1. Return a yes/no flag: does region 88-101 have any residue that is within 16 Å of Ile147 (Cβ to Cβ) and within 14 Å of ligand 1 (Cβ to nearest atom).
2. Contact list please: Cβ distance under 7 Å, first residue in region 48-75 and free of Cβ contacts under 8 Å to residues at least 40 places away in the same chain, second residue surrounded by fewer than 16 Cβ atoms within 10 Å (Cβ to Cβ) and among the acidic types (Asp, Glu), pairs at least six apart or on different chains.
3. Is it the case that Leu118 is assigned to a helix (DSSP H, G or I), free of Cβ contacts under 8 Å to residues at least 60 places away in the same chain and touching an Asp or Glu at 6+ places or on another chain (Cβ under 7 Å)?
4. Could you go through region 164-180 and let me know if any residue there is within 16 Å of the chain's Cα centre (by Cα), under 16 Å from Tyr34 (Cα atoms) and part of a loop (DSSP other than H, G, I, E, B).
5. So Cys115 fits all but one of (1) buried (at least 20 other Cβ atoms within 10 Å of the Cβ); (2) away from ligand 1 (no atom under 16 Å from the Cβ); what number is the exception?
6. Exactly one of (1) more than 16 Å from ligand 1 (Cβ to nearest atom); (2) polar (S, T, N, Q); (3) surrounded by 13 or more Cβ atoms within 10 Å (Cβ to Cβ) is unmet by Asn79. Its number?
7. Is it the case that some residue within region 88-104 is without any contact (Cβ under 8 Å) to a residue 12 or more places away in the chain and buried (at least 16 other Cβ atoms within 10 Å of the Cβ)?
8. Which residue pairs have Cβ atoms closer than 6 Å, lie 6 or more positions apart in sequence or on different chains, and pair a first residue in region 129-157 that is touching a residue at least 60 places away in the same chain (Cβ under 8 Å) with a second residue that is aliphatic (A, V, I, L, M) and assigned to a helix (DSSP H, G or I)?
Amino acid sequence: MLKLKNISYSVSDKKSKIEILKKIDFTFEDGLTYAITGPNGSGKSTLAKIIMGVIKPTNGEITYNGKNITALSPTDRANLGLSFAFQSPVRFKGLTVKDILELASGKENNLTETCHYLSAVGLCARDYLDRELDNKLSGGELKRIEIATALARNAALNIFDEPEAGIDIWSFDALVDIFSALKNKKATNIIVSHQEKLLKKADVVIVLDNGKIVNAGKPEEVLSTLAPSYCDKLRRND
Ligand SMILES: Nc1ncnc2c1ncn2[C@@H]1O[C@H](COP(=O)(O)OP(=O)(O)O)[C@@H](O)[C@H]1O
Ligand SMILES: [Mg+2]
């Protein structure tokens with residue numbers, strides 16, 4: 001169980017203090033899939049980064065299975081079973097797709113499994129295994145590889161920040177299938193998304209607005225309460 005207690009995050013410049021997250025309290029139960037949505041700039045990526053330890057909250061406490069992890073580094077959190085896929089994937093020069101998938105799964109030379117993760121994200125293993133993670137890969141390809149890596153990690157808790165970003169329509173349906181498959185595993189999943197199809201797959205939809213959780217509940221309850229203009233935007237993205 002992941003618990004956020006009174007989490008605030010603010011940044012200061014010379015003139016003023018900007019409050020990005022404001023006293024967030026929320027408990028993520030084990031084995032459920034959560035979708036976080038809300039307008040651009042509402043604090044979704046900041047919250048995801050705080051859960052992973054990339055940035056530390058200005059106030060508040062995070063506990064994971066009863067342990068206070070507020071001061072832990074992302075690596076220490078990863079060792080406890082938390083896995084994070086960034087909104088903008090990271091490139092590692094010199095490392096191949098096969099290397100990174102093997103690193104993630106902790107198993108070498110398991111070609112069948114490695115190929116399975118790549119096909120799950122709509123990539124042909126034959127074309128990609130030996131590709132380097134350099135700037136010859138497009139943003140969309142990197143994004144899919146990063147999702148494959150998250151699947152290979154088989155972590156207890158997965159966080160995805162806008163997995164749909166840079167993914168074309170065809171592979172978007174594949175992505176929806178991936179999240180259905182993830183939901184059927186025992187892991188806890190937290191997915192930041194604007195996509196109605198992904199939001200509908202969640203057990204709980206959390207709406208963030210202006211740094212606060214303004215609603216959380218079953219998709220059928222929460223989606224109908226979103227402002228019509230926001231839903232129109234979601235549909236346009238379909
Ligand atoms: N380090 C920072 N310094 C100043 N402003 C920031 C910083 N990080 C985020 N913000 C601002 O905080 C708000 C929330 O950002 P973000 O969490 O990325 O939103 P979202 O992912 O919901 O679009 C935005 O207005 C963003 O510009
Ligand atoms: Mg974001």
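1. Within region 88-101, one or more residues are within 16 Å of Ile147 (Cβ to Cβ) and within 14 Å of ligand 1 (Cβ to nearest atom).
2. Short answer, once both residue conditions are applied: Asn68/Glu61; Thr70/Glu61.
3. Numbers: assigned to a helix (DSSP H, G or I): yes; free of Cβ contacts under 8 Å to residues at least 60 places away in the same chain: yes; touching an Asp or Glu at 6+ places or on another chain (Cβ under 7 Å): no.
Spelling it out, it is not the case that Leu118 is assigned to a helix (DSSP H, G or I), free of Cβ contacts under 8 Å to residues at least 60 places away in the same chain and touching an Asp or Glu at 6+ places or on another chain (Cβ under 7 Å).
4. Within region 164-180, one or more residues are within 16 Å of the chain's Cα centre (by Cα), under 16 Å from Tyr34 (Cα atoms) and part of a loop (DSSP other than H, G, I, E, B).
5. Only one criterion is unmet by Cys115, namely (1).
6. (3)
7. Within region 88-104, one or more residues are without any contact (Cβ under 8 Å) to a residue 12 or more places away in the chain and buried (at least 16 other Cβ atoms within 10 Å of the Cβ).
8. Taking only residues 6 or more apart or on different chains, the pairs are Thr149/Ile100; Thr149/Ala104; Arg153/Ala104.
Computed from the coordinates by the stated procedures, all read-outs in this text should not be read as laboratory data. Source: prediction; values computed, not measured. Ideal geometry is used to build each Cβ from the backbone, glycine not excepted, and the neighbour counts take in all protein chains shown.
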